[in-house]
1. What value does region B:153-263 have for Rg/Rh, both radii from Cα atoms and Rh as Kirkwood defines it?
2. Which Rg and Dmax, in Å, describe the Cα atoms of region A:263-326?
3. Return the distance in nm (one decimal) between the two label points of a simple spin-label model at residue A:180 and residue A:116, each offset 7 Å from Cα along Cα→Cβ.
4. With both partners inside the protein assembly as shown, how many of the DSSP beta bridges are antiparallel, as a percent to the nearest 5?
5. Please report the antiparallel percentage of DSSP beta bridges with both residues in region B:2-141, rounded to the nearest 5.
6. Divide by every residue of chain B the summed helix terms, -39500 (n - 2.57) for each DSSP H run of at least 4, and state the resulting mean residue ellipticity at 222 nm, rounded to the nearest 500 deg cm²/dmol.
7. For region B:151-290, calculate the relative contact order in percent as a whole number, restricting contacts to Cα pairs under 8 Å that are 6 or more residues apart.
8. Please give, to one decimal in nm, the separation of the simple spin-label points placed at residue B:286 and residue B:150, each 7 Å out from Cα toward the Cβ.
Ligand code: SF4
Ligand code: SF4
Ligand code: SF4
Ligand code: SF4
Ligand code: SF4
């Protein structure tokens, strides 16, 4: 599809147009601590921090909220009355999200539409247009290039913005949804220019990230499937608390628990809440037996699900290399380091080496 | 550092312990190390980036660590308080752990920061910490340390909050706890949260709902903090782990201040002095309990 130019002033105007039309705009934005940004709905473009720090959490909560109501129930004389929730969602635009965050959304479409079509997920998906922003690479924990993606990847985006000359972005229009957004706000978009500057931005970012972890993580699944009992796993997660902070910030972790909560003597709510395989209780059987009895097994599950199980079933990794898990971990568990170790064992590419 | 490595290597060589839990250099700063071979004792480090409270790995619910066998653990004074807590509350036997006490001049806020301590970089808790060396140890390591930069920003924040009306305070905490996603990371990292069955995980019946909504989030955090009253060693791990950045140590610290004021109790690394929440005394000032 086509390419256009969008100046910062026009982007501000676009945001104003969207907001006044009642569309929710979610962007990385200031929070009370100036060192931190978070994806959140903004009330004006001034609040957005497109070139600010990486928000510690991904924007997955705008598709899969930490908690959401599935249904309500009420006891009646002649049985139980169920009240469904709306699966239609108000329009939203996710603006300036990182390529690793938006790639995750497309990856998750597979599991969300697999044996059962998750209406709540797809309801939000359909209501959302994603305008991503090419990233310059955050720090040593970024490894999107090692998972077959990159700081300028298009996957999952309807429009990809790439910083170009001066205060302008080159806008690559990637899907009919992206096209529709451009057409509806045609006066904001100009004729494409500044392709060279955008290209060098992309190249510099890719080089920077690629040196963090020069492996091909897509090639690890065979080794992982064959080495379930490998020595590596027996010591891998000694320092891991099972706190699940990694899963909370991860754009691709999507496990949830379903609970019924009373709202009175004769009525209640069924909700689904984020959950994680890193929690000890995640796999406890009714008998009391826990097939993943210690943190080492739980952490193996995390790695296997992302780099072997999901790729086997859906043909792609359940990790976009954003590095958020490593940044959030209070114990210093480091996925890129671990992938480097596995790559060394599996002989897939040259790892940068770990500390062990 | 040399002394620490030598002692660790000797303990492993002699078979006195099977694992030495200390700190090492990781890709994102200092982190916990589990050294099981004498030659690996070289990995051990200790500096102002050794933020994490390692006592948490002694808790019996960490079966993967317990499974390694008898442990030696490197302990700053605040870590030693947590070890004392585990001993006092019958989670660890004193003879089952070798404590490598380290003299401490404070730590930075995050292990990714450079090891230099200034008023800006020093962890809030160290800004008011009065213990330069533990009293509970088997070996005491390192040179005497200077006092960390004195900072009282957290105490001031608490005082400012207490100046507000209850309604304003409630509004503040409502706003903070609204972000809580009920991951319970604050519990999992805490050295003093060692219950095999947490009340928050009870399902028959449910005591604290696991969903994230105001009723449940308040119930969870109030329960956690109350269960830590007089037991919390102010290691700051809960706040550091919280993936949504809730200032949990304002709550834990205020609770500690209240326990100190009302009961004259401060958590120490003396295992024989129990927290008020875990004691019964026939001379209790409150009549209803006698
Ligand atoms: S890897 Fe880190 S963030 Fe994830 S559960 Fe373990 S300690 Fe928590
Ligand atoms: S596993 Fe870690 S690096 Fe991969 S997508 Fe999740 S948070 Fe990002
Ligand atoms: S609280 Fe005290 S003992 Fe603990 S790290 Fe800070 S200065 Fe050291
Ligand atoms: S409540 Fe927080 S500060 Fe207190 S001991 Fe537990 S983790 Fe440390
Ligand atoms: S760590 Fe933070 S988000 Fe998680 S349960 Fe505790 S307060 Fe809530």
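Throughout, read-outs are computed from the coordinates displayed, never taken from laboratory work. Every value quoted in this text rests on a predicted model; they were computed, and no experiment measured them. Quick reminder, even Gly has a Cβ in these numbers, built from the backbone with ideal geometry, and neighbours come from all protein chains shown.
1. Working: Rg = 13.8 Å, Rh = 14.6 Å.
Result: Rg/Rh = 0.95.
2. In order Rg, Dmax, the Cα atoms of region A:263-326 give 16.1, 47 Å.
3. Simple spin-label model gives 2.8 nm for this pair.
4. Values: 49 of 71 bridges.
Restricted to the protein assembly as shown, the bridges split so that about 70 percent are antiparallel.
5. On the way: 9 of 20 bridges.
Bridges in region B:2-141 that DSSP calls antiparallel: roughly 45 percent.
6. Values: 9 runs with 91 residues, N = 290.
The helix-only estimate for chain B comes to -9000 deg cm²/dmol at 222 nm.
7. Values: 117 pairs, mean separation 31.2, N = 140.
Computed value for region B:151-290: 22 percent relative contact order.
8. 3.5 nm
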